[in-house]
Amino acid sequence: MVSHIETIYQCLNRICEVVMSIRIPPNQIPIVWDAIKFAMVNADNIPEKDRQVYFNRTLQSLLSSKAQCFVRRNEEKRLMALLITRIVADEVTGEKSLHVSSLYSFYPVSIEQWVEDFKPIIEYASKTKCNKITAYANNPKAIEIIEAVGMQERFRSFLMEV
């Protein structure tokens, strides 16, 4: 899979000019789609039977700007990490919120760097008039990052297949 990811990095070089957290424009999503799917599988813990629907819905949302993909590259322009955001109504309060998902590092990224990279996400939430940022996570590293950027656990979610 690493060689496939390397191809994606080369494609990203056509889109990105700077080393920082950037939002991928909707028309460039197909170029990085394989990396996004890889991150979704490894970060979101979606059961195999539900993945195709999840992929299709996410791709449709990204292409229509209903979801956004932010990436981080290092000095060598290598894709280091990505996350996806969506503007949603908070399920508890109904307030406009920015929801973060698919928080994933392809290579080690320090907690300090994640905190720095999260600043544009906070700015985007403010710019889009969101009242809060939400996230779901079941990966210990993602939870550590989410807490480091200042988010607090509000409730836990459970699931039972019937």
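Taken together, the values in this text are just the output of simple stated rules run on the coordinates, not laboratory data. Here the structure is a predicted model, which is why all the values come from computation and not from measurement. Glycine also receives a Cβ, built like all others from the backbone with ideal geometry; neighbour counts cover every protein chain displayed.
When a footprinting reagent is the concern and you count Cβ atoms within 10 Å, what order do S97, S110 take, fewest first?
Listing S97, S110 from fewest to most nearby Cβ atoms yields S110, S97.
So, with +1 on the Cβ of K and R and -1 on the Cβ of D and E, and no other charges, what is the size of the charge dipole of the chain about its Cα centre, to the nearest 20 debye?
480
Show me the ranking of peptides 68-80, 40-52 by mean Cβ neighbours inside 10 Å, starting with the highest. Write down the numbers at each step before the final one.
Values: 68-80: 18.3, 40-52: 13.4.
Taking the mean over residues of other Cβ atoms within 10 Å, the ranking is 68-80, 40-52.
Starting with the highest mean, order 54-66, 114-126, 147-159, 27-39 by the number of other Cβ atoms within 10 Å, averaged over the residues of each peptide.
Result, highest mean Cβ count within 10 Å first: 27-39, 114-126, 54-66, 147-159.
At a threshold of 8 angstrom on Cα-Cα distance, excluding pairs fewer than six apart, so keeping six or more, what relative contact order does the chain reach in percent?
Answer for the chain is 20 percent.
Show me, for region 107-116, the HN-Hα J-couplings you get by feeding each phi into the Karplus relation (A = 6.51, B = -1.76, C = 1.60, θ = phi - 60°), rounded to Hz, glycine and proline as x.
9, x, 10, 5, 4, 4, 5, 4, 4, 5
Which pairs break 30 Å Cα to Cα here: K49/K129; K49/K127; K49/K119; K77/K141; K66/K141?
From K49/K129; K49/K127; K49/K119; K77/K141; K66/K141, over 30 Å: K49/K129; K49/K127; K49/K119.
When every alpha-carbon pair in the chain is counted, what percent end up more than 25 Å apart?
28
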